[in-house]
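Working notes for the structure below.
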Ligand code: HSE
């Protein structure tokens, strides 16, 4: 029997407790051993809840119990989760987490501590909730050179963009409705400004390329400036607009960013609707593989944590190897990235537009007095210089190639 402790009995922690109980039979069959929750740590008390029998309020009870082999850190936030995780690993206990903030900030260090203590630090649930993506990246694609990862990594923004497109409602209206339904936080900044997706693509880029890609170094643009007019233009192309986390390794250069993109129908991510997430990985031998599912939610996220618990239980006394060096990956400036741009300008003088932006494909008029068009491929730097010179750009959204 393998003894497990859960730190934090919130949404994900209580989900882990539930998954371990409800699916104990299948887990036992597949693992060939039993997983038993010995402790759940939380500051609160819970009446009439099965957790009562195993609830503790002092983390030291867990950290000092040699019987506990695996700890699920489902507290969230950097502190005290960092301290508890480090101490658990130093005590030789594997840690499984859904905590993207901690993983993004201290992943390489905690992986090193795990290795030094013959245990594991696993974080499948930190990106894409219930979608298996970390394990495919580090295991199933270990033989591949990853060339790009493009992900719809945030359910809240995908829900908002889907509603804007389908119902023609503006950003503020849809956000308010999403908040009422509990899909969006009362403070939606981390989601709508792209920070949540940024942390997730920072983790995926680090794993894909083996060195540290820090969220703070990424270009991050959210969806707050996307309008229903943009969707009307996109519709003419049979396209839509999605918030992408993206990392690319091309011609020896690495790029990573979060931004809205115009996405055409041929792209497999085009069809990903509502709160769902999906991640498209392109690698040099196998080509495209895509991973789709619920990016959030109690049981989906908890299920991914439990998958890690099973992996740790199969590797007691050993370390599940994950390569993520502390050394920073040198990211190329976004200025050098080449793509087409969808641009709206406050003039209808097509000759003048062509003179400034070069060869462009004009879209049909959507709003009187403005013009929408797609540029030819150019670098971001070239685009910025032209846009500055033009002085009449209303908005720009990058085209996904
Ligand atoms: N706020 C996140 C989302 C939750 O909307 O996807 C999962 O990290």
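The table below lists the values:
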quantity: Degrees, to the nearest 10: 171-180 long Cα axis against longest axis of the chain; calculated: 20 degrees
quantity: Sites residue 392 and residue 321, calculated FRET efficiency, Cβ-Cβ separation with R0 56 Å, nearest 0.05; calculated: 0.55
quantity: Angle in degrees between helix 380-390 and the longest Cα principal axis of the chain, rounded to the nearest 10; calculated: 40 degrees
quantity: Ellipsoid semi-axes in whole angstrom, largest first, where each is sqrt(5λ) of the Cα gyration tensor of the stretch 101-222; calculated: 31, 15, 13
quantity: Between 0 and 90°, nearest 10: helix 11-22 axis offset from the chain longest Cα axis; calculated: 50 degrees
quantity: Cα radius of gyration and Dmax for the stretch 1-63 (Å); calculated: 11.9, 34
quantity: FRET efficiency, 1/(1 + (r/R0)^6) with R0 45 Å, evaluated for residue 379 and residue 28 via beta carbons; calculated: 0.20
quantity: Kirkwood hydrodynamic radius over Cα pairs of the chain, then Stokes diffusion coefficient at 37 °C and 0.692 mPa s, in µm²/s; calculated: 146 µm²/s
quantity: 222 nm mean residue ellipticity, helices alone, for the chain (DSSP H n ≥ 4; -39,500 (n - 2.57); rounded to 500); calculated: -10500 deg cm²/dmol
quantity: D (Stokes-Einstein, µm²/s), Kirkwood Cα radius, the stretch 52-147, 0.692 mPa s at 37 °C; calculated: 231 µm²/s
quantity: Potential lengthening between residue 228 and residue 253 on full extension [0.36 nm per residue; Cα-Cα distance subtracted]; calculated: 5.5 nm
quantity: Along each principal axis, Cα extent of the stretch 200-339, largest first, Å; calculated: 58, 37, 31
quantity: The stretch 1-127, Cα convex hull volume normalised per residue, Å³; calculated: 104 Å³
quantity: Debye equation applied to the C-alpha atoms of the stretch 136-206, log10 I(q)/I(0) at 0.11, 0.25 Å⁻¹; calculated: -0.37, -1.07
quantity: Full-stretch length increase - residue 179, residue 338 - with 0.36 nm per residue and alpha-carbon distance subtracted; calculated: 53.6 nm
quantity: Estimated distance in nm for a label pair at residue 216 and residue 348, the labels positioned 7 Å out from Cα along Cα-to-Cβ; calculated: 5.0 nm
quantity: Dimensionless Rg over Rh [the stretch 252-401; C-alpha; Kirkwood]; calculated: 1.11
quantity: Residue 139-residue 401 pseudo-label distance in nm [points 7 Å out on the Cα-to-Cβ vector]; calculated: 3.3 nm
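Where a number appears in this text, it was derived from the coordinates with a stated rule and is not lab data. On a predicted model such as this, the values are computed, not experimentally measured, just so you know. Methodologically, a virtual Cβ is constructed for each residue, glycine included, from the backbone with ideal geometry; neighbour enumeration extends over all protein chains shown.
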